[in-house]
Amino acid sequence: MNRLLRSSAFTLAFSYVTFGIAALVLFAAPLWYAWQVTIQESRTEVLRADTQRLSEVFRRDGAPGLAAFIDNRVGMQIPGERILLLTDSTLHRLAGNLPEWPEGIPPEPGTYTLPTNLSGRQTHAMFVHTVLPGGYKLLVGRDQSLFASLAPRFWYGLAAAVAVLSIAGALGGLMIRRAVLVRVDGIRHTVLAIVQGDWSHRLPTKTASDELDTLSRTINGMLDQIEQLLHGVRDVSNSIAHDLRTPLAELRSRLEELSLTRPGPEETFAEIDGAVADVDRVIRIFNALLRLAEIDTGMRRSGFVPVSAADIARQAVDFYLPAAELKGVALSYQGNGPADISGDPVLLAQAIGNLIDNALKYTTDGGLISVEVQTLPDGKVRITVADDGPGIPDEEKPKVSTRFYRGDASRGTPGVGLGLTLVASVAKLHGGVLELADNNPGLRANMLIAAQAGMGATVVAGPTAGAGQPASAGSAAAAAGAAPAAHNLRMRSAS
């Protein structure tokens, strides 16, 4: 019983029943008042109309004629239907069905309601007292008990309505509770299975989209996202372990060989340089991950200032021009204005540098790389880095911005697969998206940035966006360790 009383369905049903009863009472109260006033006024009007007719008889036939008319009418009516009394100025009875003038009625004309004795029984009656010419007094009344049964019937009807409403509410509460408990039990079993580690379960839903179905679908979406994040964390952990194992194993092998062979100074210092490079590689991986964590949590948004995206892109192109010329690649820049935005110049420089470094890595000698900055009609700024490299297969397109993902084409190149992840995160932080499309041939990477950055737009880099290429370790290293400024760009490539 206590469990039933504590259930939300019973509480809801009880609240509705209480509200219904209150509404019924509030409706009945003015109705009762209006009924009482209307009945009272109608009684008074009837008595005044009777008084008016009897007064006309008195003016036409005098006191004897009125007395005869009253006696005749009293003899014809139902007993107690009307109370009539005609007296002279001394209150001596001349005609009517009252034996004497009732006590309590003052000599002044008016309307009065008082208890009276009618045919040997005590009752309440309403009287209209009129003084006729010559001092004659006419009393016209009506027994109030004729309508007394209406009031109890009204209240009985109201009580019956309350009882029906209460019973219907209680039955409805039990039915609602039963239906809700069935849904809640299904949700509880699913949640218990998920708590025990089985993430394949989802909350049950029905075709009819009620409130619980809407909540279940929302929770199912959240569970899908959590499951995806858990798999992502597991994959990232495996990737970190795999990518750190190689440099750490190389470092241990170098140091172990130095310890066993004790070579000369020149070879020793060469091995030390190699060990330092291995340590730098590990540090760059962790720095890139820390920077991605800062971007994902929005911590870097505090560094937003008004900047020119065109200036940042132009300086990045100037920095990479020597490397492009050394490889025989034509690197060019074009834009349609300053492209002013609000953003973090350091992160923007690192993102653009990652895209250019990626393009240089996969573009063959004699290839073309173009960097373009445009201000779109909707106010957004689009930064495009296009190359004529090999591109990637369609099945790898949705995965290129995933952390530590490396496509088949990048297996023989240095890197850990964090470059495009950082670019996508920087675009998201600046209220934009990273779109990867085919350049036929090659890659066309479009980084869209809102003019008022930090609006929390969603990153788009998947099958509908087009082709993309995995980032290199050099991009991650530049993002992790270079920290370039908007007006003093200093970026370094991977070793």
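The values are calculated or read from the model by the stated rules, or taken from the named source; none is laboratory data. All values derive from a computational prediction rather than experimental measurement. Don't worry about glycine lacking a Cβ; one is built from the backbone with ideal geometry, like all the others, and counts go over all protein chains shown. Only protein heavy atoms, including side chains, enter the accessible area calculation; ligands, DNA and RNA are left aside. Shrake-Rupley method; radii C 1.70, N 1.55, O 1.52, S 1.80 Å.
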Of the residues that sit in the range 312-353 and are open to solvent by 20 Å² or more (accessible area, probe 1.4 Å) and among the aromatic types (Phe, Trp, Tyr), which one is farthest from Thr384 (Cα to Cα)? Phe319
Inside the range 23-47, the number of residues satisfying the requirement of being open to solvent by less than 50 Å² (accessible area, probe 1.4 Å) and farther than 21 Å from Ala125 by Cα is 3
Is there any pair linking a residue in the range 38-51 that is under 20 Å from Leu85 (Cβ atoms) to one that is open to solvent by 50 Å² or more (accessible area, probe 1.4 Å), with Cβ under 7 Å and at least six apart or on different chains, and which? Thr44/Thr111
In the range 83-95, is there at least one residue being of a type in the set (Gly, Ala, Ser), over 60 Å from the mean Cα position of the chain (by Cα) and part of a strand (DSSP E or B)? yes
Matching residues, the range 356-372, being open to solvent by less than 10 Å² (accessible area, probe 1.4 Å) and closer than 14 Å to Ala313 by Cα: Ile356, Ile369, Val371
Condition (residue is of a type outside the set (Ser, Thr, Tyr) and either in a strand (DSSP E or B) or in contact (Cβ under 8 Å) with a residue 60 or more places away in the chain (or both)) applied to the range 67-76: is it met by at least one residue? no
Where residues in the range 324-372 are part of a strand (DSSP E or B) and in contact (Cβ under 8 Å) with a residue 60 or more places away in the chain, which of them is farthest from the chain's Cα centre (by Cα)? Asp340
Selection count, the range 186-202, where residues are surrounded by 11 or more Cβ atoms within 10 Å (Cβ to Cβ) and assigned to a helix (DSSP H, G or I): 9
Selection from the range 380-400 of residues that are modelled with pLDDT under 85, open to solvent by 30 Å² or more (accessible area, probe 1.4 Å) and part of a loop (DSSP other than H, G, I, E, B): Pro390, Pro393
Could you say whether any residue in the range 151-164 is loosely packed, with under 12 Cβ neighbours inside 10 Å, part of a loop (DSSP other than H, G, I, E, B), out of contact with any Leu (no Cβ under 7 Å at 6 or more places or on another chain) and not polar (S, T, N, Q)? no
Unique residue being in contact with a Lys or Arg (Cβ under 7 Å, 6 or more places away or on another chain), of a type in the set (Lys, Arg) and open to solvent by less than 60 Å² (accessible area, probe 1.4 Å) when the list is Arg142, Arg177: Arg142
I'd like to check something: does the range 47-65 contain any residue that is modelled with pLDDT under 80 and either part of a helix (DSSP H, G or I) or not hydrophobic (A, V, I, L, M, F, W, C) (or both)? no
Residue that is modelled with pLDDT under 80 and either within 30 Å of Ser15 (Cα to Cα) or hydrophobic (A, V, I, L, M, F, W, C) (or both), where the choices are Gly186, Gly172, Gly232: Gly172
In the range 44-57, which residues are touching a helix residue (DSSP H, G or I) at 6+ places or on another chain (Cβ under 9 Å) and farther than 11 Å from Val140 by Cβ? Val57
Just name the residue that is nearest to the chain's Cα centre (by Cα) out of those in the range 250-281 that are open to solvent by less than 90 Å² (accessible area, probe 1.4 Å) and among the hydrophobic types (A, V, I, L, M, F, W, C). Val279
Within the range 97-118, how many residues turn out to be open to solvent by less than 50 Å² (accessible area, probe 1.4 Å), of a type outside the set (S, T, N, Q) and assigned to a loop (DSSP other than H, G, I, E, B)? 5
